[in-house]
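Notes follow once the structure below has been shown.
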Amino acid sequence: MKIGIMGGTFDPIHIGHLISAEEVREALNLDKVLFIPAGEPWMKADQSITEAEHRVEMVRLAIRSNPFFGISIIEIEHPGWSYTVDTLEQLSRDLGSDTSLFLLIGWDGLKTMPQWKAPYRISTMATLVTFPRPGASRPDITDLEESMPGLSKRLIEFEGTPVGISSTDVRERLVAGKSVRYLIPDNVENYIAEYSLYKSK
């Protein structure tokens, strides 16, 4: 099987996440894309993020109409900081050797990967599929090869549909009382309103 991995805080999940995941799934003929909400992301240790239960439920609502999308709470259940390399190792064990993993990651995330835990192992366990992100420039693969030898052979640069949406922008609009219609799924917007999320952020 070919499984795509879409990780992130999803605070909140938005249309850009869904479009990128669906386009990559179709282009690479993936059997499924797993959305994996971060538990305690070490790179955002100095930021306040919404409680995991809300972020998980927003993802569930956003993906439920797509039979090729699924969710894993592997990082939510993991104690302490969550690291991509640990997640990939566990998924490899759980899914078996006949499953190929494809890690979906934006340009901004790929550029910071040398700072991640054991980045050289990440590119050996999964094929990296990178795509444009709002405000991010294309990473220099040659520079990244220094900390991740052989990366270029395990990297797919996917253009896809450029979507200028970020969770940060969505949160700021919600705090300011502005409309987020068409930026996030309707059921996610309703959930946010029901639980008064992002009012005090």
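The values are calculated or read from the model by the stated rules, or taken from the named source; none is laboratory data. As the structure is a computational prediction, the values presented were derived from the model and not from experiment. Note that we place each Cβ from the backbone using ideal geometry, even for glycine, and neighbour counts take in every protein chain shown.
How about the range 1-106: which helices (runs of 4 or more DSSP H) wholly inside it have at least 3 residues that are more than 28 Å from ASN187 (Cα to Cα)?
Counting at least 3 such residues, we get 84-95.
Of the numbered conditions (1) hydroxyl-bearing (Ser, Thr, Tyr); (2) closer than 30 Å to ASP140 by Cα; (3) modelled with pLDDT of 95 or more, SER72 satisfies every one except a single condition; which is it?
(2) is the only condition that SER72 fails.
Checking the structure you have, find out if any residue of the range 173-187 is of a type in the set (Gly, Ala, Ser), crowded, with 18+ Cβ neighbours inside 10 Å and either within 20 Å of the chain's Cα centre (by Cα) or at pLDDT 95 or above (or both).
No: the range 173-187 contains no residue that is of a type in the set (Gly, Ala, Ser), crowded, with 18+ Cβ neighbours inside 10 Å and either within 20 Å of the chain's Cα centre (by Cα) or at pLDDT 95 or above (or both).
May I ask you to list the residues in the range 127-148 that are touching a Phe, Trp or Tyr at 6+ places or on another chain (Cβ under 9 Å), modelled with pLDDT under 95 and among the hydrophobic types (A, V, I, L, M, F, W, C)?
PHE131, ALA136, MET148
Go through (1) surrounded by 20 or more Cβ atoms within 10 Å (Cβ to Cβ); (2) within 25 Å of SER65 (Cβ to Cβ) and name the single condition ILE122 misses.
It fails just one condition, (2).
Quick check on the range 166-182: of everything there that is in a loop (DSSP other than H, G, I, E, B) and small (Gly, Ala, Ser), which residue is nearest to PRO134 (Cα to Cα)? First the steps, then the outcome.
Taking the range 166-182 and keeping what is in a loop (DSSP other than H, G, I, E, B), we get 166, 176-180, 182.
Okay, now just the ones that are also small (Gly, Ala, Ser), so 166, 176-177, 179.
On the way: SER166: 7, ALA176: 21, GLY177: 22, SER179: 19 Å.
Only one residue tops the list, namely SER166.
Exactly one condition in (1) touching a residue at least 24 places away in the same chain (Cβ under 8 Å); (2) more than 13 Å from the chain's Cα centre (by Cα) is not met by GLU22; state its number.
Tallying (1) touching a residue at least 24 places away in the same chain (Cβ under 8 Å); (2) more than 13 Å from the chain's Cα centre (by Cα), GLU22 fails exactly one: (2).
Looking only at the range 54-72, decide whether some residue is in contact with a helix residue (DSSP H, G or I) (Cβ under 6 Å, 6 or more places away or on another chain), surrounded by 20 or more Cβ atoms within 10 Å (Cβ to Cβ) and not hydrophobic (A, V, I, L, M, F, W, C).
No, the range 54-72 contains no residue that is in contact with a helix residue (DSSP H, G or I) (Cβ under 6 Å, 6 or more places away or on another chain), surrounded by 20 or more Cβ atoms within 10 Å (Cβ to Cβ) and not hydrophobic (A, V, I, L, M, F, W, C).
Collect the residues in the range 149-168 that are exposed (fewer than 14 other Cβ atoms within 10 Å of the Cβ), at pLDDT 90 or above and within 16 Å of the chain's Cα centre (by Cα), keeping them in residue-number order.
Result: THR168, single match.
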